[in-house]
Each structure stands twice: as C-alpha cells, then as structure tokens.
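Encoded as structure tokens, the structure appears first; notes follow it.
The values are calculated or read from the model by the stated rules, or taken from the named source; none is laboratory data. Source: prediction; values computed, not measured. Reconstructed Cβ throughout: ideal geometry from the backbone, glycine too, with neighbour counts over all protein chains shown. Ligands, DNA and RNA are stripped out before the accessible areas are found, and what is left, the full protein with its side chains, is counted by its heavy atoms. Shrake-Rupley method; radii C 1.70, N 1.55, O 1.52, S 1.80 Å.
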Amino acid sequence: MDADIEKVLIDEEVILRRLDVMAERILEELGNEEILVVGILTGALVFMADLLRRLPVPLQIETLSVASYHGGTESSGVVKFLDAKLPEVEGRNILLCDDILDTGRTLKAVRTKLMEMGAARVKTAVLLSKDKDRAEDVEADYYAFGMGDEFVVGYGLDYQGRYRNLPYVGVLKEEVYSR
Ligand code: XMP
C-alpha cells in the first residue's frame with residue numbers, strides 16, 4: 001500500500017495532536033450536554049475512533065451510510081441515503097462526523113435530513129476541509145486540517161475501497177488511477 005503513495009500530506013502523529021485540540025474545543029462547547037455522535041460511513045470510522053476516545057463524557061454513537069462517489073475520485077452530485085432505518089435523533093444534540101468536507105453536498109444533505117427528523121441541534125466535525133468553492137453553502141463547525149483541492153486517501157479515506165487503513169493522509173501516485 002505504501003508503495004502506491006506519492007506523498008504523505010499529514011502524518012499520524014500530527015493528526016493525533018490536532019485531534020487533542022479539536023476534542024478540547026468540543027468539550028468546552030458541548031461537554032455539558034449528552035451528545036449523540038452520528039458518523040458517516042465508511043470514511044469517518046478512523047477519525048471518529050480517535051476523536052471519540054478523546055471525549056471522556058457520556059455519549060452515544062450511531063452511524064449512517066450515504067453514497068456520493070461511486071468508487072471514483074469525483075463526487076456524483078447526488079447524495080443517497082443507504083440505510084433501511086436511520087438513527088433515532090428526535091430532540092438530540094448531535095455531533096455529525098465525516099472524513100472530509102469537499103463539495104459540501106454530503107454534510108449539507110445529512111445535516112438537513114437530521115434536522116428534518118427532529119434533531120435539536122447538529123454540530124459538524126470533519127478531519128479535513130478542502131479550501132474551495134462549495135456546491136452547497138456549508139462549513140464544518142470543527143475541522144482538524146484545511147487542505148487544497150486534491151484527492152487524498154488514508155486515515156479512513158479510500159480510493160475504490162482501498163487505503164482506508166493507512167495511518168496517515170496521503171496522495172496516490174498518478175499510475176494508480178490508470179491501473
Ligand atoms: P462532499 O463533496 O459531499 O464530499 O463534500 C464528501 C464525501 O466525498 C468523499 N471525498 C473524498 N474521498 N478522498 C476520498 O477518499 C478525497 O479527497 C475526497 N473528497 C471527497 C468522502 O467520502 C466524503 O465523505
């Protein structure tokens with residue numbers, strides 16, 4: 001896997017140090033209420049696991065699955081909810097977690113859905129926020145790193161289902177896309 005990586009953008013140690021800071025901010029702002037964490041599968045898994053272990057407060061965890069990429073490197077523009085049953089969110093204070101904020105379509109669609117389902121409040125946390133014009137008017141309440149508009153893998157992020165288990169965020173070699 002490492003052999004397919006052109007460059008490491010953010011290494012594990014740096015990620016974990018930023019998550020310490022993010023967790024502190026979340027605790028300051030949300031630490032006095034019972035949070036329901038909703039993670040967007042599959043990309044948010046690794047980020048959530050490390051972030052939530054830094055939040056020593058009572059919380060519950062739910063997940064939901066959406067699709068917008070269909071295995072490539074470009075967003076399809078349509079966000080589909082894939083679960084037969086979505087989490088019970090009525091009246092809850094939610095921390096919605098995703099791996100990366102790109103066009104904004106995913107976060108916007110999921111946030112809107114949770115509010116429609118009766119959530120009291122939805123705060124959003126992502127590992128990465130691409131610095132670009134978004135298709136939807138949405139920003140994350142908490143993000144660990146800003147980055148340019150390039151496709152990245154690792155630390156939960158995939159290309160065609162692979163590379164999620166790399167402990168760092170990196171950029172793939174060009175040749176990987178033509179295989
Ligand atoms: P949007 O465009 O809806 O994107 O903000 C959010 C979802 O798109 C995927 N995504 C990426 N996945 N490398 C990835 O592996 C990337 O650079 C990338 N950019 C967007 C991701 O699933 C995210 O939840």
Notebook entry, point to check: Do we find that V89 is in a helix (DSSP H, G or I), open to solvent by less than 10 Å² (accessible area, probe 1.4 Å) and at negative phi in this structure?
Noted result: no
Check: So, in the stretch 118-144, of the ones that are closer than 16 Å to M48 by Cβ and open to solvent by 30 Å² or more (accessible area, probe 1.4 Å), which residue ends up farthest from the ligand (Cβ to nearest atom)?
Finding: K123
Check: Taking interchain pairs and intrachain pairs at least six residues apart, which have beta carbon atoms under 6 angstrom, with the first residue in the stretch 124-145 and over 19 Å from L16 (Cα atoms) and of a type in the set (S, T, N, Q) and the second open to solvent by less than 10 Å² (accessible area, probe 1.4 Å) and modelled with pLDDT under 95?
Finding: none
Notebook entry, point to check: For the subset of the stretch 162-179 comprising residues that are near the ligand (Cβ under 10 Å from one of its atoms) and either farther than 19 Å from S68 by Cβ or not basic (K, R) (or both), which member is surrounded by the most Cβ atoms within 10 Å (Cβ to Cβ)?
Noted result: V169
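Checking the condition open to solvent by less than 20 Å² (accessible area, probe 1.4 Å) and over 12 Å from the mean Cα position of the chain (by Cα), which residue from L59, L157, L55 passes? So that I can check it myself, show each step before the final result.
On the way: L59 fails: open to solvent by less than 20 Å² (accessible area, probe 1.4 Å); L157 fails: over 12 Å from the mean Cα position of the chain (by Cα).
So the residue among L59, L157, L55 that is open to solvent by less than 20 Å² (accessible area, probe 1.4 Å) and over 12 Å from the mean Cα position of the chain (by Cα) is L55.
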Notebook entry, point to check: Scanning for something surrounded by 13 or more Cβ atoms within 10 Å (Cβ to Cβ), under 16 Å from the mean Cα position of the chain (by Cα), more than 8 Å from the ligand (Cβ to nearest atom) and in a strand (DSSP E or B), does the stretch 99-117 turn up at least one residue?
Noted result: no
Next item on the list: Under 8 Å between Cβ atoms, at least 6 apart or on separate chains: pull out the pairs that start in the stretch 21-45 with a residue that is under 18 Å from D83 (Cα atoms) and open to solvent by 50 Å² or more (accessible area, probe 1.4 Å) and end on any residue that is in a loop (DSSP other than H, G, I, E, B) and not small (G, A, S).
Entry: T42/D158; T42/R164; L45/R164
